[in-house]
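Taking it in order: structure first as structure tokens, then the write-up.
Each reported figure results from applying straightforward, stated rules to the coordinates on display, with no laboratory input. Please read all numbers here as calculations on a predicted model, not as lab measurements. Reconstructed Cβ throughout: ideal geometry from the backbone, glycine too, with neighbour counts over all protein chains shown.
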Amino acid sequence: MKNKILLFTALFCFLSLSAQEYKTITYFTNDSLKLELDLFLPKGKQAGKTPLLIHVHGGGFAGGERKHGHHICSYAASKGYAAASITYSLYMKGKNFSCGGVLTEKVKAIQIAANQLQQAAVFFINNKETYNIDPAKIFISGSSAGAETALHAAFWEQPMLQMYSGRLPANFKYAGIISGAGAIMDINLINKNTQVPVMLFHGSCDKTVPYATAAHHYCPAGSSGWLMLFGSYSIYNRIIDLGGSTHLVTYCGGEHDYSDMLFAKGQQQIVDFMNLTLQGGKEQSHTVIPTGKTCYANSEYNFCFGK
């Protein structure tokens, strides 16, 4: 009987989330571009303005679809958040985003995506009354390439974020960032003036986007696509040093296939992070999860062995 109750409860939760409705909206257009997003809104009347989560799917800037963000967006909406999964330009489609690629092309792909994410934020701020959005409570999130997009959209210098005419308000900051297997090109972009709360999760053996600090894809020096990246562990330690708020989830032994893990299967942890942030709370925590896998990199992280 107990098992039947648990099965019914799980089925009810699944059906509730799958029934969450969304609307497709064009958030940006120009002479050559039309970008859309899928917006999930909480059901029922909200007390006050609604916090917003904007999600960016992964895919190496060459693939993926906004529907891949529906799992976290539908869940966030069921917990009182407006949540949007966006389409952005897949600039690297048909190009090499690995060691044999062109460095400037790789940087351009991140820049275009970050600028388009910014335009999604501008859209919601300009339409805050229509969608009952609180501009002071906008979170951004992403998986893999989407995480790199979110991190650079939040921390890059303004000249890199002025590709389009839409501008965020002066002194605007995102309420927080959720990054799944993401990285940033320059750790110094995160400083006392720019820092915001960041939740990160990453496999310690990721061979695509480094968990700590290394070249993208661990490319050898001299590769045409050589790009240094500072991954989740480096970002976490940087924010700790700055006295900021951050939570890192490390999947010990995990590779890049963990880049969507919390968005797909640990959504409540993300909602808890956003709720804590909106309540003015601060955390500096590291959750270590063993996967039962091992790799060459594990020897670098004693916490993966309980030390």
If you go through region 131-145 one residue at a time, do you hit one that is polar (S, T, N, Q) and on the phi > 0 side of the Ramachandran plot? yes
Looking at LYS95, LYS128, LYS108, LYS79, can you tell me which residue is within 15 Å of LEU52 (Cβ to Cβ), among the charged types (D, E, K, R) and either buried (at least 22 other Cβ atoms within 10 Å of the Cβ) or out of contact with any strand residue (DSSP E or B) (no Cβ under 7 Å at 6 or more places or on another chain) (or both)? LYS79
Residue pairs, Cβ under 7 Å, 6 or more apart or interchain, first in region 130-142 and more than 15 Å from GLN118 (Cα to Cα) and in contact (Cβ under 8 Å) with a residue 40 or more places away in the chain, second assigned to a strand (DSSP E or B) and of a type outside the set (Gly, Ala, Ser). List them. ASN132/THR50; ILE133/THR50; ILE133/LEU52; ASP134/THR50; ASP134/PRO51
Of MET228, MET185, MET199, the only residue that is over 16 Å from LEU103 (Cα atoms) and of a type outside the set (Phe, Trp, Tyr) is MET199
Right, LYS95: more than 19 Å from the chain's Cα centre (by Cα), of a type in the set (Lys, Arg) and closer than 24 Å to GLY176 by Cβ or not? no
Note on region 125-166: residues among the basic types (Lys, Arg) and more than 21 Å from the chain's Cα centre (by Cα) are LYS128
If we scan region 239-250, do we find a residue that is closer than 23 Å to GLY280 by Cα and of a type in the set (S, T, N, Q)? yes
For residues in region 155-175 being closer than 25 Å to LYS34 by Cβ and touching a Phe, Trp or Tyr at 6+ places or on another chain (Cβ under 8 Å), which is surrounded by the most Cβ atoms within 10 Å (Cβ to Cβ)? TYR174
